[in-house]
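Quick notes on the structure that follows.
The values are calculated or read from the model by the stated rules, or taken from the named source; none is laboratory data. Fair warning: this is a prediction, and the values are worked out from it, not measured in the lab. We place every Cβ from the backbone using ideal geometry, glycine too, and count neighbours over all the protein chains shown.
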Amino acid sequence: MRSGFTADCQARVAFEVLANRWDSVVVLTIDAHGPARPATLLTRIGGISPKSLNDALRRLERNGLVERRAYREAPPRVDYALTEAGAALLEPMQAMGDWATRYADVVTDAQARFAEPSRP
């Protein structure tokens, strides 16, 4: 797996799928609370605009990580649930979270040093 991260490498899909800021948050929120309507997700997540949430849900659905379930009710109701692929992504996401917990300070310190003006 370490070699061959070429343009057509399938391993790159995993990184591209969660490259958006909100996608992993939506996946984790659905996992923590179960299927949810968009308004419920907005409340549970906080800090996300309705447009950003809608865009994230569409991306996640397009990538096969969530499924949109429409109910024939009045008024109409829609909720979103993780698919098998979405649930399977939780373990690698946890590993990335563990990495972030361990190395976030290293990354933010490096970013701060890089942003400092150069000294002659």
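Take the conditions without any contact (Cβ under 8 Å) to a residue 60 or more places away in the chain, touching a strand residue (DSSP E or B) at 6+ places or on another chain (Cβ under 6 Å) and at negative phi and apply them to Asp79. Does it pass? Don't jump to the end; show me each part of the working.
On the way: without any contact (Cβ under 8 Å) to a residue 60 or more places away in the chain: yes; touching a strand residue (DSSP E or B) at 6+ places or on another chain (Cβ under 6 Å): yes; at negative phi: yes.
Considered against the rule, which asks whether it is without any contact (Cβ under 8 Å) to a residue 60 or more places away in the chain, touching a strand residue (DSSP E or B) at 6+ places or on another chain (Cβ under 6 Å) and at negative phi, Asp79 comes out as yes.
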Hey, Asn54 surrounded by 10 or more Cβ atoms within 10 Å (Cβ to Cβ) and modelled with pLDDT under 95 or not: no
The range 58-83, subset out of contact with any Asp or Glu (no Cβ under 9 Å at 6 or more places or on another chain) and within 13 Å of Ile30 (Cα to Cα), residue surrounded by the fewest Cβ atoms within 10 Å (Cβ to Cβ): Asp79
Residue list for the range 33-43, filter: without any contact (Cβ under 8 Å) to a residue 12 or more places away in the chain and not polar (S, T, N, Q): His33, Ala39, Leu42
Sole exception among (1) under 22 Å from Glu91 (Cβ atoms); (2) surrounded by 17 or more Cβ atoms within 10 Å (Cβ to Cβ) for Ile48, by number: (1)
Qualifying positions in the range 19-32 - of a type in the set (S, T, N, Q) and in contact (Cβ under 8 Å) with a residue 24 or more places away in the chain: Asn20, Ser24
Breaking point among (1) outside any helix (DSSP H, G or I); (2) surrounded by 10 or more Cβ atoms within 10 Å (Cβ to Cβ), for Asp109: (1)
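Results for (1) among the polar types (S, T, N, Q); (2) modelled with pLDDT of 95 or more, shown as yes or no for each residue.
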site	(1), (2)
Pro38	no, yes
Ile45	no, yes
Ser49	yes, yes
Glu61	no, yes
Ala100	no, no
Ala115	no, no
Complete set of residues in the range 84-97 that are exposed (fewer than 11 other Cβ atoms within 10 Å of the Cβ) and within 18 Å of Trp22 (Cα to Cα): Glu91, Ala95
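Only one residue in Ala74, Ala70, Ala95 is among the aliphatic types (A, V, I, L, M), assigned to a loop (DSSP other than H, G, I, E, B) and without any contact (Cβ under 8 Å) to a residue 40 or more places away in the chain. Which one?
One residue alone meets the criteria, Ala74.
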